[in-house]
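Input: a single structure, listed below in structure tokens.
The numbers here are math on the coordinates, done by the rules we state, and not lab data. Values in this document were obtained by computation on a predicted structure and should not be read as measured data. Methodologically, a virtual Cβ is constructed for each residue, glycine included, from the backbone with ideal geometry; neighbour enumeration extends over all protein chains shown.
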């Protein structure tokens, strides 16, 4: 009996000692967390102050949200205008009977089919990455950017996954785009590394023009005026995107996660679960115009996604 009392007393004493130690450790841990949070906030404040000082010396003027919205609205208007083609009567996939069955306004649906195709071409060949328009050299820069920094969220459409947005990530991006942009304007020899940027850019630009021409020629006739409209459209899209690329904030264009569909796949969707046609993509901004608060995401003024759905009938 006496032995059991002593054992119980020892157990109680040990439990009390463990409780005291746990309480002390929790107190120390809480204090460390508070100290760490204070140090983290102080560090972030100092980094932001340094960043503002760097931008002040750089004489950089960020593009306004309103100007960005107007640029994309103008591009969207040009795409809509380009899609107003009269379709040829001998359609391999979108025959008059099929379009009439699917849509109450067949002419409007045909325009929207072309709008969707043009937006997807521009996205996959320009807008999916800050460097895609620089061709093969741009692909190398994409890999270097992605490999050098922490990986971000995987791309739903399988085009390009951007690294997580940080001050370092975005500085690398806009400084590199700025150098590539400058290389396009300067004379270079074949031995100059910048010549690869110019060559890749020209090839990529010509490929975008050819892809849009092919998309239109599949359904409608094309003449010199239409070709000129396509060239102006591609030039405008590239200029808008190059300006986005040198911004301190991150600007991202998002398309539906389902990815691009061929005309055959679109027809299957119309006869199945339904077809979504992109009439305008979503444009978002990460951070402020000065490249601070990069975790803050906002929709650029007037740049919400516009999708037309054609359900199965």
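A few points about this structure:
- Among 238, 253, 98, the residue with the largest mean-square fluctuation in a Gaussian network model of the chain, with springs joining Cα atoms closer than 10 Å, is 98.
- Kirkwood-Stokes translational diffusion coefficient of the range 70-212, alpha-carbon pairs, 37 °C, 0.692 mPa s, µm²/s: 184
- Relative to the dominant Cα principal axis of the chain, helix 2-58 is inclined by about 40°.
- Label point distance in nm, residue 263-residue 231, each placed 7 Å from Cα along Cα→Cβ: 2.5
- Per-residue packing, averaged as other Cβ atoms within 10 Å, sorts the ranges 21-30, 73-82, 200-209, 121-130 into the order 121-130, 200-209, 73-82, 21-30, beginning with the highest.
- Listed values (1) 23.2; (2) 21.7; (3) 22.5 include one computed from this model; for Kirkwood radius over Cα pairs in Å that value carries the label (1).
- Backbone N within the range 170-187 under 11 Å of label point (7 Å from residue 60 Cα along the Cβ vector): 170-178
- Estimated [θ] at 222 nm from DSSP helical runs (n ≥ 4, -39500 (n - 2.57)) normalised by residues in the chain, nearest 500: -20500 deg cm²/dmol
- Förster radius 22 Å - calculated FRET efficiency between residue 84 and residue 218 (Cβ-Cβ, nearest 0.05): 0.85
- Degrees between helix 65-82 axis and first principal axis of the chain (Cα, 0 to 90, nearest 10): 30
- Sorted by Cβ neighbour density within 10 Å, fewest at the top, the residues 160, 134: 160, 134
- Net length available on complete extension from residue 184 to residue 67 is 39.7 nm, with 0.36 nm assigned per residue and the Cα-Cα distance removed.
- The chain - percent relative contact order, Cα under 8 Å, separation 6 or more: 22
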